[in-house]
Amino acid sequence: MFPGFFSRRVMLNTIGTTGVGLNALLTNVLSALTLAEMGIGTVIVYHLYRPLAQGDKREVCRLIQFYRTTYRKVAGAITGLGLLAIPFLPSLTKGVSYSRLYVAAVFLLFLAQMVCSYFFSYQRSLLSADQKQYIVSIVDLLFRGCSTIGGVLVLLLTHELLVYLVFRFFTSLFNHLALSKQVNRLYPYLKQAKEPLSPERKKLLFFDVRDRFTGKLSWTLTSCMDNLFISLLVGTVQVGLYSNYTIVFHTLTNGVNQISAAMSGSIGNLLATGSKEQVDSTLQKLLFAMYWIATFCSTCLFCLIDPFISFVFGPAMVLDRPIVEICILNFFLMTMRIPLWNMVGASGLFKKDKYISLFGASVNLIVSFILGSHLGMLGIFIGTTCTYATQFLLKTILFYHCFLQRSCATFLKKIGLYLFLSLAIAGTAHRICIWISTGTALLDFVLQGLASAAFPLAINTVLFFHTDSFHSLCQSFVKLLHHTNHSGQKGGEPSESII
């Protein structure tokens with residue numbers, strides 16, 4: 001985390017705001033090309049849950065072989081789409097001083113890194129579905145540290161974005177190879193996988209992929225269109241300013257996503273083997289846990305992100321306060337949605353979920369374009385807020401009515417209560433931090449950090465101390481600490497199930 005912030009500072013000093021903005025923009029352009037993947041990974045992981053839970057190695061081999069072959073075709077499709085996109089890059093990169101040839105070279109390096117990842121995607125998905133996400137996390141963490149530290153040295157020595165991206169490509173490649181070695185060690189039977197899926201099974205997968213594609217489209221548009229709209233409606237330099245904030249948000253989001261990835265395999269196993277009552281109870285507990293995390297992080301962001309950006313990147317890099325506040329709200333909603341999204345994805349409701357995804361994507365495009373044309377960045381981010389809120393409501397109704405077959409009123413009331421409490425806690429903590437003034441900026445930041453961290457923990461403890469959700473969360477935390485100590489003493493592996 002901390003080398004990442006230092007790396008961003010070095011990028012600003014070596015390649016400037018324009019280079020950082022170009023880096024962020026082309027990253028989003030490439031993310032849009034992942035539509036060619038069509039959500040195949042989600043569908044395959046869903047179909048892996050039951051055979052892995054039942055120990056059916058033959059079916060696992062069939063699915064993995066199909067997955068591997070399909071993703072090689074996806075890699076070829078993304079390569080073709082990427083090459084076709086090159087002529088359109090100049091119209092997306094407003095206000096940059098780089099030549100068209102240079103922009104194309106940067107884009108091709110991004111493209112090469114993405115295409116390479118698809119040759120190893122099936123291995124990551126297998127580990128996730130088999131509740132071994134911790135292996136992926138450990139390997140990624142080691143290589144991310146090497147990539148960040150080495151990237152800083154490359155930038156300081158060369159001041160060149162292209163050389164930096166070449167280094168990142170090879171680091172990413174070695175990351176995939178190291179993870180591949182772990183998969184070959186854990187699943188040696190995959191090497192003998194020669195039996196193909198039956199035509200009926202492939203047909204079922206095709207229909208699920210078709211339905212899942214709409215969800216993939218919605219997520220891609222929601223996550224990637226912000227920077228594209230900012231570049232088109234405001235300017236590429238503004239993308240660079242916003243990217244200073246996104247490194248903070250993405251750092252927190254990556255941490256939260258580790259929780260999401262860790263719980264996805266367990267959720268899939270629960271939905272395949274558990275009762276409706278167990279699923280509903282688990283969803284309620286996970287929602288409370290994510291509320292605890294989201295409120296803590298959002299309160300700290302609300303109080304500290306502007307002084308942090310000013311301190312690390314300079315006062316000129318601070319965005320207008322309304323823009324920052326709506327971004328924090330989007331982070332809160334994105335964090336709170338994780339348990340529900342995982343449940344819906346593992347339930348196999350692809351066909352019905354696609355309409356919700358399509359509607360959410362339409363809301364994002366229409367609202368972001370209309371408000372972005374009048375309000376700039378603020379309007380674009382409001383469009384994202386509308387998408388999260390709309391999909392949250394509709395996915396809740398879908399999951400409760402179609403899978404759990406019960407009323408969702410209690411769940412929706414809890415979401416409303418959690419949102420209200422988070423807004424109140426963050427606003428009050430911000431007022432407390434405003435009163436803290438010692439005359440020394442660094443000391444003020446430290447004291448404000450302590451206050452903004454302690455306040456949500458104290459308030460939520462008082463409010464929820466007597467609830468079952470609070471006791472369940474505390475018990476899970478104690479078990480985690482106990483198992484961590486036990487693993488350290490006995491050399492055991494991390495727990496394969498957190499729920």
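The values are calculated or read from the model by the stated rules, or taken from the named source; none is laboratory data. Being a predicted model, the structure only gives us computed values, none of them experimental. Cβ coordinates were reconstructed from backbone atoms using ideal geometry, including for glycine residues, and neighbour counts include every protein chain displayed.
Within the stretch 59-73, which residues are crowded, with 18+ Cβ neighbours inside 10 Å and among the hydroxyl-bearing types (S, T, Y)?
Within the stretch 59-73, Y67, T70, Y71 qualify.
Return yes or no: is F249 touching a Ser or Thr at 6+ places or on another chain (Cβ under 9 Å) and in contact (Cβ under 8 Å) with a residue 24 or more places away in the chain?
Taking the combined requirement at face value, the residue does not satisfy it.
Among the residues of the stretch 340-352, is there at least one that is farther than 24 Å from C402 by Cα, touching a helix residue (DSSP H, G or I) at 6+ places or on another chain (Cβ under 7 Å) and free of Cβ contacts under 8 Å to residues at least 60 places away in the same chain?
Scanning the stretch 340-352 turns up no residue that is farther than 24 Å from C402 by Cα, touching a helix residue (DSSP H, G or I) at 6+ places or on another chain (Cβ under 7 Å) and free of Cβ contacts under 8 Å to residues at least 60 places away in the same chain.
Taking the conditions exactly as written (in the same structural domain as S310 (by TED's automatic domain parsing) and at pLDDT below 65), does G449 satisfy them or not?
no
Considering F143, F120, F169, F174, which residue is in contact (Cβ under 8 Å) with a residue 60 or more places away in the chain and under 30 Å from G16 (Cβ atoms)?
F169
For (1) modelled with pLDDT of 90 or more; (2) among the polar types (S, T, N, Q); (3) out of contact with any helix residue (DSSP H, G or I) (no Cβ under 9 Å at 6 or more places or on another chain), each residue gets a yes or a no:
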| site | (1), (2), (3) |
| --- | --- |
| L378 | no, no, no |
| I382 | yes, no, no |
| A389 | yes, no, no |
| C402 | no, no, no |
| K413 | yes, no, yes |
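Given the criteria at pLDDT 80 or above, part of a helix (DSSP H, G or I) and over 17 Å from F332 (Cα atoms), does L270 qualify?
Details: at pLDDT 80 or above: yes; part of a helix (DSSP H, G or I): yes; over 17 Å from F332 (Cα atoms): yes.
Here the answer is yes, as L270 does meet what is asked.
Being assigned to a helix (DSSP H, G or I) and either surrounded by 13 or more Cβ atoms within 10 Å (Cβ to Cβ) or in contact (Cβ under 8 Å) with a residue 24 or more places away in the chain (or both) narrows it down to one residue among L421, L443; which is it?
Of the residues listed, the single one that is assigned to a helix (DSSP H, G or I) and either surrounded by 13 or more Cβ atoms within 10 Å (Cβ to Cβ) or in contact (Cβ under 8 Å) with a residue 24 or more places away in the chain (or both) is L421.
Looking at the stretch 74-133, what helices (runs of 4 or more DSSP H) fall wholly within it and have at least 3 residues that are surrounded by fewer than 18 Cβ atoms within 10 Å (Cβ to Cβ) and out of contact with any Lys or Arg (no Cβ under 7 Å at 6 or more places or on another chain)?
Helices (runs of 4 or more DSSP H) meeting the threshold: 100-118.
Return yes when A429 is within 20 Å of S298 (Cβ to Cβ), in the same structural domain as G274 (by TED's automatic domain parsing), touching a residue at least 40 places away in the same chain (Cβ under 8 Å) and touching a Ser or Thr at 6+ places or on another chain (Cβ under 8 Å) and no when it is not.
yes
Kindly provide the set of residues from the stretch 138-184 that are closer than 24 Å to Q123 by Cα and of a type in the set (F, W, Y), ordered by number.
Hits for the stretch 138-184 are F143, F167, F169, F170, F174.
State whether the residues of the stretch 379-397 include one that is more than 18 Å from R337 (Cα to Cα) and in a helix (DSSP H, G or I).
yes
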